[in-house]
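Worksheet for the structure shown next.
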Amino acid sequence: MNYLPTDHVKISEDGLSVIFLDQSALPNETVFYSTDELQRMYDAIKRLEVRGAPCIGIFAAYCCSVRARKLWLSGVTNADLLVARVSAEMEYLNESRPTAVNLSWAINRMLTKGEEFLEKTAGATTASLCEFWEQEATRIHEEDIEMCKKIAEYGLSLVKDGDGILTHCNAGPLATSRYGTALGPILLGKERGVELHVFADETRPLLQGARLTSYELYNAGVDVTLICDNMASIVMKSGRIQACFVGCDRIAANGDAANKVGTSGVAILAKHYGIPFYVLGPLSTIDRACPTGDEIKIEERRSDEIKEMFYSKPMALPGVKCYNPAFDVTDHELITAIITDKGILRAPYEESIRKAFEG
Ligand code: MRU
């Protein structure tokens, strides 16, 4: 597979189904599924077959388009009724992963733009609305490619040939559309002859670092070394890390950033060892309605992900309790800079974030 895929989430040519790569089967199997069913779409996000905040947003936009067309063809021929039915379905899809803002962002954009289209277009029909929604979903996808490229450029300007980078979870092309966010500077650097040495946290419990990040970087010819999460300290102490690059699922207005659980621990370690800690993500990941990280809802997941998944036998007794938060919030004071598609934002974040939105 090309290491810069854009087609791991796409819409079928007839617009009647969404096609996605099952990321939960990687790196062992490359399996694509196609569906037009809302429940299957919900499950694909819930099971992390489709994962990574921007990728979930793109997928949701295509789901919106596919469901609209399906409802129209099944007899919903009144445009206002179609909007109402699609809104209700998207409300359900939005519950599949609460932490990443990109899911609700993409759904809101599709619905708002759809309503605007109806208001502004004389003689609009359900058919033309469905056509408009498919084009809007494609625009979201194309914008994501542009946005990743810009983040990659800004991120690359902060490192130099030979640097060691530590990353957590997977914020590469699979999590977006192309280049990725946290892996963007590394892949762009590779294209330009800037060799970066990457240490990838395996990222317990679902192993996105092992299964996806090392897979993407290895396939791209990047020098990648896989470590267990609890090895980050020894690697940092040895002087092999010059910067940490991580993705983000929701950034609050004060700069607090939610990302895969374990990220905040990496930031604390980086502060201890005096290593810059960069959060990379598009402006659309900043939720200005969310004042601080305390207001970010953290998804809690099943205990079998800790006790059983990826083991041949359960690793704890059935009665043992587990706490399995999927994300944590890194305090803005630990973040050296937030690298967005609109530039590099530094503290005080309230101000730099406000300016980025205004500018
Ligand atoms: O649970 P996941 O695998 O979807 O978590 C992904 C992350 O935490 C990423 O860092 C984040 O979504 C940004 S992806 C560009």
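The values are calculated or read from the model by the stated rules, or taken from the named source; none is laboratory data. Since the structure is predicted, the reported quantities are computational estimates derived from the model, not experimental observations. Cβ coordinates were reconstructed from backbone atoms using ideal geometry, including for glycine residues, and neighbour counts include every protein chain displayed. Calculation scope for accessible area: heavy atoms of the full protein, side chains included, ligands and nucleic acids excluded. Shrake-Rupley method; radii C 1.70, N 1.55, O 1.52, S 1.80 Å.
Rolling a 1.4 angstrom probe over the protein heavy atoms, how many square angstrom per residue are accessible across the range 84-186? Write out the running numbers ahead of the final one.
Numbers: 3810 Å² over 103 residues.
Accessible surface, normalised per residue, equals 37 Å².
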For the range 9-149, size of Cβ-based charge dipole, Lys and Arg +1, Asp and Glu -1, in debye: 220 debye
Given a Förster distance of 41 angstrom, what is the FRET efficiency for SER12 paired with ASP161, based on the Cβ-Cβ distance and rounded to 0.05? 0.45
From Cα pairs below 8 angstrom and at least 6 apart in sequence, can you work out the relative contact order of the chain, rounded to a whole percent? 15 percent
Please list, by residue number, everything in the range 288-302 whose backbone N is under 15 Å from a paramagnetic label point 7 Å out along Cα→Cβ of GLU333. 293-294
Over the range 1-150, with every protein chain in place, what whole percent of the accessible area is carbon and sulfur at 1.4 Å, could you tell me? 48 percent
Two pseudo-spin positions, 7 Å from Cα along C-beta at TYR33 and at TYR311, lie apart in nanometres by 2.6 nm
Assuming R0 = 22 Å, can you tell me the calculated FRET efficiency for the pair TYR92 and ALA289, based on Cβ-Cβ distance, to the nearest 0.05? 0.55
Given labels modelled 7 Å from the Cα in the Cβ direction, how far is it in nm from ASP304 to GLU146? 4.4 nm
Net charge of Cβ neighbours under 13 Å - reference VAL159; Lys, Arg +1; Asp, Glu -1: -1
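Evaluate the relative contact order of the range 152-358 (contact order divided by residue number), counting alpha-carbon pairs under 8 angstrom at least 6 apart; express in whole percent. Display every interim value, and only then the final one.
Working: 427 pairs, mean separation 42.1, N = 207.
Relative contact order comes out at 20 percent.
Run the dipole for the range 152-358 about the Cα centre, Lys and Arg Cβ at +1, Asp and Glu Cβ at -1, nothing else charged, and hand back the magnitude in debye, nearest 20.
Numbers: 22 positive and 27 negative charges, 55 e Å.
The calculation lands at about 260 debye.
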Enumerate the lysines that LYS260 could reach by cross-link, defined here as Cα to Cα under 19 Å, with residues fewer than 8 away along the same chain left out. LYS46, LYS271, LYS297, LYS307
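Using a 1.4 Å probe on the protein chains only, how many percent of the accessible area of the range 152-358 belongs to carbon and sulfur? Walk me through the intermediate numbers first.
Values: 4590 of 8640 Å².
That fraction is 53 percent.
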Dipole moment magnitude, nearest 20 debye, the chain about Cα centre, only Lys, Arg, Asp, Glu C-beta charged: 580 debye
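Enter the accessible area per residue of the range 210-359 (Å², integer; probe 1.4 Å; all protein chains in place). Write down the numbers at each step before the final one.
Values: 7270 Å² over 150 residues.
Value for the range 210-359: 48 Å² per residue.
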Per the C-alpha gyration tensor (a ≥ b ≥ c, the square roots of its eigenvalues), the range 154-225 is rounded if a/c is under 1.5, else prolate if a/b beats b/c, else oblate; here it's prolate
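Quick check: from the Cα gyration tensor, does the range 152-358 come out rounded (a/c under 1.5), prolate or oblate? Before the final figure, lay out the partial values.
Values: a/c = 1.73, a/b = 1.17, b/c = 1.48.
Taking the square roots of the gyration eigenvalues as a ≥ b ≥ c, the range 152-358 is oblate.
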